[in-house]
Amino acid sequence: MKYRLRFLVVFSLLVACRWSAGQELAERQTAIRDLAEKNGVTVTFDLPYAGTENPKQRVDLYLPKERKRPGPLPVVALIHGGGWVNGDRIGYGGLALQLARTGDYAAVTVGYRLTNEARWPAQIHDCKAAIRWIRGMAAQHGLDPDRIGVWGSSAGGHLCTLLGTSGGVKELEGDLGPHLSQSSRVSCVVNHCGPQDFREPLMRDPAGQPNFQDDAVSGLLGGLATEKVAEAVAASPITYVSADDPPIVTGHGTADARVAFAHAEMIHAALKKAGVASWLIPVTGGGHGSVSHPVLKERCLTFLSKQLLGAEATIDESPIPAEPGK
């Protein structure tokens with residue numbers, strides 16, 4: 001654990017020092033590639049999954065140079081946040097490296113069209129196409145098509161949870177990419193502070209009243225959630241909860257002012273009611289950034305080892321005190 005944390009600290013410092021706003025993608029990829037080489041990981045950037053030339057519809061593949069066990073590797077697909085309008089897949093490069101360097105996993109960082117280019121349901125269509133790509137390319141890269149987990153935070157947490165709950169929902173599949181015969185189902189979900197029901201506000205004012213004047217949600221749905229009711233329902237992971245959903249672990253700050261903790265409670269309760277394995281880990285007093293807590297990360301890594309590697313493990317759901325300032 002100490003080595004993992006030290007690795008992430010070093011990576012974070014590199015990000016702060018070298019990845020200033022506006023830095024070219026090539027430079028950021030070079031930084032990742034250098035770190036990958038030092039940590040025994042091979043990175044392949046910019047693999048198209050949708051059959052298009054769109055640079056957003058790409059994945060980056062992280063493979064360990066030395067695999068810990070024979071046979072195909074389970075895969076963790078990482079889906080970035082940013083309010084569906086910001087962020088990119090390189091932002092999860094550090095976690096992808098951490099996962100791949102263990103020799104236990106392959107990692108795939110997923111790009112998707114943002115709302116300044118395409119509105120709902122483009123984002124979930126892209127993510128599902130990326131999962132189908134993983135399955136379609138599994139034999140070529142030595143991946144296990146039956147063990148695919150997803151991990152995301154905020155908007156990425158929303159998309160990951162939606163992948164988990166909407167397996168088999170035809171309306172959300174889209175028709176992107178060359179692997180349409182493949183399933184887009186996933187084996188497990190790590191959801192950090194993702195919105196779960198757009199009929200409920202993500203934010204409330206100081207008096208506790210709901211605030212639906214949310215530019216990020218409006219950008220996704222094409223208008224206020226209170227006006228785009230059908231879209232709000234269709235985009236909500238909670239809409240599709242059913243007994244065949246995969247195990248899901250949710251981490252969320254109890255004082256999150258961007259995506260209310262109530263969203264974590266709602267999805268957890270709905271999953272449990274449906275008989276789905278679900279864990280909720282509160283970060284006590286934590287805001288939107290509190291899900292970066294190293295203890296939460298370690299518990300989610302334990303969850304992955306349980307679901308994807310078959311490890312005998314107990315997921316600790318006890319509250320985690322937030323780090324100062326988060």
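For this structure, a couple of remarks:
- Nonlocal Lys pairs with alpha-carbon distance under 15 Å, the chain (8 or more apart, or different chains): 6
- Prolate/oblate/rounded call for region 213-326, Cα gyration tensor, a/c under 1.5 rounded: oblate
- Value of relative contact order over the chain, rounded to a whole percent, pairs C-alpha under 8 Å and six or more apart: 14
- Residues whose placed amide H lies under 5 Å from that of residue 285, excluding near-sequence neighbours: 254, 255
- Relative contact order of region 204-279, defined on C-alpha pairs under 8 angstrom at six or more residues apart (%): 25
- Value at 222 nm in deg cm²/dmol, rounded to 500, when DSSP H runs of n ≥ 4 in the chain each add -39,500 (n - 2.57): -10500 deg cm²/dmol
- Region 96-220, relative contact order [Cα under 8 Å, separation at least 6], %: 26
- Sorting the segments 155-166, 281-292 by their mean number of nearby beta carbons within 10 angstrom, highest to lowest, gives 155-166, 281-292.
- Dipole check for region 218-278: with +1 at the C-beta of Lys and Arg, -1 at the C-beta of Asp and Glu, and the Cα centre as origin, the magnitude is about 80 Debye.
- Couplings for region 205-214, taken from phi via the Karplus curve 6.51 cos²θ - 1.76 cosθ + 1.60 with θ = phi - 60°, read 7, x, 8, x, 7, x, 10, 9, 7, 10 Hz in order; Gly and Pro are left as x.
- Net lengthening on full extension, residue 27/residue 139 (0.36 nm per residue, minus Cα-Cα): 37.2 nm
- Exposed GluC sites (Glu not before Pro) absent - longest run of the chain, DSSP non-H/G/I/E/B, at most 10 other C-beta within 10 Å: 67-311
- If R0 is 25 Å, the Cβ-Cβ spacing of residue 175 and residue 211 corresponds to a FRET efficiency of close to 0.10.
- Farthest towards the positive end of the charge dipole of region 42-321, among the residues 61, 42, 196, is the Cα of 42, using unit charges on the Cβ of Lys, Arg, Asp and Glu.
- Anisotropy class of region 42-321 from Cα gyration tensor, a/c 1.5 cut: oblate
- Beta bridges assigned by DSSP with both partners in the chain are antiparallel in approximately 30 percent of cases.
- Residue 115 long-range amide H proximity, modeled H, under 5 Å: 85
- Efficiency of FRET between residue 230 and residue 257 - r from beta-carbon atoms, R0 25 angstrom, step 0.05: 0.35
- Whether region 52-113 is rounded, prolate or oblate, judged on the alpha carbon gyration tensor where a/c under 1.5 counts as rounded: prolate
FYI, it's all coordinate maths here, none of it is from the lab. Worth saying up front: this structure is predicted, and the values here are computed from it rather than measured. When we count neighbours, we look across all protein chains shown, and the Cβ atoms used for this are built from the backbone with ideal geometry, even at glycine.
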